[in-house]
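Input: a single structure, listed below in structure tokens.
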Amino acid sequence: MEKATCNFSYCEKPEIVEIETDLLLVGGGMACCGAAFEAVHWATPKGIKVTMVDKAAADRSGAVAMGLSAINTYVGENKVADYVKYVRADLMGIIREDLVFDLGRLVDDSVHLFEEWGLPIWKKGDDGFSMDGHQARDAGKAMLKDGGTPQRSGKWQIMINGESYKVIVAEAAKAALEVNRKELNIDQNLFERVFIVKLFNDANDPNRVAAAAGISVRDNKIYIFKAKAMVLAAGGAVNVYRPRSVKEGQGRAWYPVWNSGSGYALGMQAGAEMTLMENRFVPARFKDGYGPVGAWFLFFKAKATNALGEDYCANETYLAEAKAKYGTYVDKMGTAIRNHLMMQDMKAGKGPIYLNTHDAMQAINKKFVEELGEKVAKKKIKHLEAEAWEDFLDMAIGQAGLWAAQNVEPDKTPSEIMPTEPYLLGSHAGCAGFWCSGPEDIPNTPEEWSWGQKGHKYNRMSTVTGLFMAGDIVGASGHKFSSGSHAEGRIAGKNAVAFILDNPDYKPTISESADELAGELYLPYEVYEQFKGVTTDPSVNPNYIKPDMFQARLQKIADEYFGGISTWYMTSKTMLDEGLAQLEMLKEDSAKLAAKDLHELMRCHEQFHRLLSIEAHARHILFREDTRYPGYYYRGDFDFIDDENWKCFTNSKYDAKNNTWEHKKVPYVQLFD
């Protein structure tokens with residue numbers, strides 16, 4: 001495919017801003033904030049400059065932007081080894097146990113920091129009942145680091161008052177960056193509203209990252225950052241599949257809509273090896289509003305049933321059929337298997353599926369009255385109901401609006417739940433991402449799982465020298481959630497600083513000139529300005545494609561051929577082959593993406609990132625010849641789990657220059673019994 005170019009014959013040339021730094025952090029969510037906080041601590045005394053670049057604004061960037069009602073990973077009184085087993089069971093038996101254990105032993109420290117920074121964390125009251133974070137603080141309850149007992153909603157989850165969760169974490173990251181800026185006399189080291197579009201390898205070492213280029217989404221500028229090392233934490237991919245929400249509701253999704261696969265695409269184009277990209281997450285959430293169900297399931301103990309009041313997870317026929325195809329993984333009853341059993345009921349016409357929120361509230365009401373008396377119970381129940389509503393006002397305000405519009409009162413009537421369209425991620429109940437170096441000190445870990453250079457090894461470095469990964473894009477290590485992503489960012493940030501210290505003489509150099517980079521990034525502007533007058537309606541034009549239409553084509557291909565909602569998540573070799581052929585034509589058409597303004601320019605680059613992400617996903621599903629994640633996707637031609645041949649990591653590498661792929665199996669090694 002011939003590379004299109006822009007010579008600014010039709011559009012205005014942007015201002016080019018070139019920045020030289022030591023450590024570049026790409027992103028602004030929990031992982032990148034963790035990287036900033038930790039990296040600055042080690043970097044500043046050594047004179048190492050740290051720069052963070054975020055497409056959004058760090059206060060409300062990333063998957064935690066709107067807030068959360070719980071921290072889903074806090075080990076506390078539990079054993080780290082048990083955390084590893086929990087993650088392994090939910091992800092169908094294949095994870096990098098070294099990465100998961102490493103995270104488990106460090107995550108609590110991040111949670112303790114959150115509380116120190118001001119995050120209100122629920123505690124157990126003296127009467128055995130819960131106290132929200134503000135009540136616990138007013139009552140003088142000990143902080144977690146001092147032995148305080150959190151209110152758990154599950155074995156690994158703790159409740160929080162989390163509307164400002166991300167703001168609190170971002171404030172600490174920005175404060176750390178400001179220390180680095182002042183002490184090292186840097187003009188600016190936090191760039192918000194700057195979207196990194198592409199990474200560039202070193203001119204003298206094609207397997208080393210050297211620079212990143214991006215666009216301002218507010219001004220007519222492009223930025224070129226040269227760095228000695230980078231931490232990439234730009235999130236996973238949403239809106240790669242056609243969503244259930246349509247027309248004016250299409251912006252509704254469970255995963256944040258601004259996560260456009262940039263984390264995957266940037267690393268892929270740099271040549272980083274990927275692992276388990278066939279994995280995806282299909283959460284069961286409140287229908288149409290995509291509201292969270294975790295607190296209702298775990299804390300309020302609500303039960304999900306079919307429309308007949310039956311527990312689909314206890315259907316003996318479904319269980320027997322599932323065990324015949326998917327083996328003992330069914331006994332673990334992980335997230336994917338629960339999805340599978342739910343869909344069996346839906347296909348049998350026993351839907352809708354309901355989460356019986358009303359029964360849960362009635363049971364809580366009865367318990368409180370019996371143990372506390374009616375007067376005290378009434379007060380506590382009122383407070384708890386307010387917290388239940390806050391769960392949605394924190395995380396998915398659209399859900400509260402939808403309930404109000406439909407005259408649904410969750411404490412009085414059940415609410416419908418539904419499996420969503422697929423998402424690609426590696427921090428929640430998913431594990432799609434990059435193959436990363438792990439810690440050196442965990443017994444029985446294969447030596448090749450940890451690497452570096454010059455006798456030094458670097459935790460969370462990808463297979464591209466100097467490029468570190470964190471959060472949603474670290475593969476084979478899901479169930480990090482918000483706290484784990486922050487902790488992983490800290491791991492990557494610290495190791496990236498060590499890498500820079502071990503390579504003091506390195507000076508990043510790239511082959512491309514600043515003008516060439518500007519032309520590549522602004523090509524959609526040039527295309528639009530050149531051809532916009534050809535038609536009376538500039539949104540429809542034979543010479544270009546607008547980003548919304550490009551996304552519609554992308555989602556249609558993914559949905560119909562790669563196992564989306566329209567096929568009940570079913571695909572096969574013949575379907576994948578056809579979809580990939582259509583995707584290749586769409587990739588050719590990406591050279592004709594057109595943008596009328598900065599917002600559409602950002603959208604054009606986002607859509608290309610989505611395309612690369614879904615291509616990696618589809619090619620991995622095609623490579624793996626079993627159905628490893630029933631309930632998330634099915635290979636109709638291999639609808640079973642084949643541990644004998646496929647209990648392994650599936651790794652790939654994309655050659656962007658030649659548009660080719662390499663795939664291989666990597667043996668799975670279990671470290672914890």
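Pick the calculated mean projected area of the Cα convex hull in nm² for this structure from [x] 29.8; [y] 41.4; [z] 43.6?
[x]
Based on the Kirkwood radius over alpha-carbon pairs, what value in µm²/s does the Stokes-Einstein equation return for the translational diffusion coefficient of the stretch 308-418 at 25 °C and 0.890 mPa s? Kindly include the intermediate steps, with their values, before the conclusion.
Values: Rh = 16.4 Å.
My calculation gives 149 µm²/s for D.
Give the carbon-plus-sulfur fraction of the accessible surface of the stretch 1-55 in %, rounded to a whole number; probe 1.4 Å, heavy atoms of protein chains only.
Answer for the stretch 1-55: carbon and sulfur cover 46 percent of the accessible area.
For the pair Leu501/Asp219, report the inter-label distance in nm, with labels modelled 7 Å from Cα in the Cβ direction.
3.5 nm
Provide the solvent-accessible area of Glu20, counting protein heavy atoms only and rolling a 1.4 Å probe, rounded to the nearest 10 Å².
For Glu20, solvent-accessible area is about 120 Å².
Three principal axis extents, largest first, for the C-alpha atoms of the stretch 69-184, in Å?
So the extents along the principal axes, rounded to whole Å, are 49, 45, 24.
Would you kindly derive the ³J(HN,Hα) couplings of the stretch 434-447 from the backbone phi angles with the Karplus curve 6.51 cos²θ - 1.76 cosθ + 1.60 (θ = phi - 60°), listing them in order in whole Hz, with x for Gly and Pro?
These are the phi-based 3J(HN,Hα) values: 9, 7, 10, 5, x, x, 9, 9, 8, x, 6, 6, x, 4 Hz.
Using a 1.4 angstrom probe, figure out how much accessible area the chain has per residue, in square angstrom, rounded to the nearest whole.
Roughly 38 Å² per residue, with all protein chains present.
Counting only protein heavy atoms, what percent of the accessible surface of the stretch 245-398 is carbon or sulfur at a 1.4 Å probe?
Roughly 55 percent, rounded to a whole number.
Could you go through the stretch 457-470 in sequence order and give the Karplus-derived ³J(HN,Hα) for each residue, using 6.51 cos²θ - 1.76 cosθ + 1.60 with θ = phi - 60°, rounded to whole Hz, and x for Gly and Pro?
Per residue, the Karplus-derived 3J(HN,Hα) values read 10, 10, 5, 6, 7, 6, 6, 8, 4, x, 9, 9, 10, 7 Hz.
Just from its helices, what would the mean residue ellipticity at 222 nm be for the chain, if runs of 4 or more DSSP H residues each count -39500 (n - 2.57) and the sum is divided by every residue, rounded to the nearest 500 deg cm²/dmol?
Helix contribution divided over all residues of the chain: -12000 deg cm²/dmol.
Please report, in cubic angstrom per residue, the volume enclosed by the convex hull of the alpha-carbon atoms of the stretch 180-266.
Residue-normalised Cα hull volume stands at 149 Å³.
Check Leu25: other-chain or 5+ apart residues with amide H under 5 Å from its amide H, H built from backbone geometry?
The list, which skips near neighbours in sequence, is Thr51, Met52, Val53, Val231.
In the chain, if the dipole is taken from +1 on Lys/Arg beta carbons and -1 on Asp/Glu beta carbons about the Cα centre, which of Asn78, Ala386, Thr535 is farthest to the positive end?
Ala386
Using only alpha carbon positions, build the gyration tensor of the stretch 1-88, then give the equivalent ellipsoid semi-axes as the square roots of 5 times its eigenvalues, largest first, whole angstrom.
Listed largest to smallest, the semi-axes of the stretch 1-88 are 38, 21, 15 Å.
Please report, in Å, the Rg and the Dmax of the stretch 359-415, where both are computed over Cα atoms only.
Cα-based Rg and Dmax for the stretch 359-415 come out at 12.7, 36 Å.
Principal axes first, then extents: for the Cα atoms of the stretch 1-155, list largest minus smallest coordinate on each axis, whole Å, largest first.
The principal-axis extents, from largest down, are 74, 41, 36 Å.
Among the lysines, which fall within straight-line cross-link reach of Lys145, defined as a Cα-Cα distance under 23 Å, with same-chain neighbours fewer than 8 residues apart omitted?
Lys145 reaches Lys79, Lys123, Lys124, Lys155, Lys166, Lys480, Lys494.
Taking the alpha-carbon distance from Lys507 and a cut-off under 16 Å, which lysines remain once sequence neighbours fewer than 8 residues away in the same chain are dropped?
Lys49, Lys226, Lys228
Simple spin-label model, 7 Å along Cα-to-Cβ: Val257 to Lys79 in nm?
4.6 nm
Rounded to the nearest 0.05, what FRET efficiency do Glu625 and Trp568 give with R0 = 22 Å and r taken as the Cβ-Cβ distance? Could you check?
The formula returns an efficiency of 0.65 here.
The values are calculated or read from the model by the stated rules, or taken from the named source; none is laboratory data. Keep in mind that what you see is a predicted model, and the values were worked out from it rather than measured. Quick reminder, even Gly has a Cβ in these numbers, built from the backbone with ideal geometry, and neighbours come from all protein chains shown. Each accessible area value is taken on the protein alone, full model and side chains, heavy atoms only, with ligands, DNA and RNA left out. Shrake-Rupley method; radii C 1.70, N 1.55, O 1.52, S 1.80 Å.
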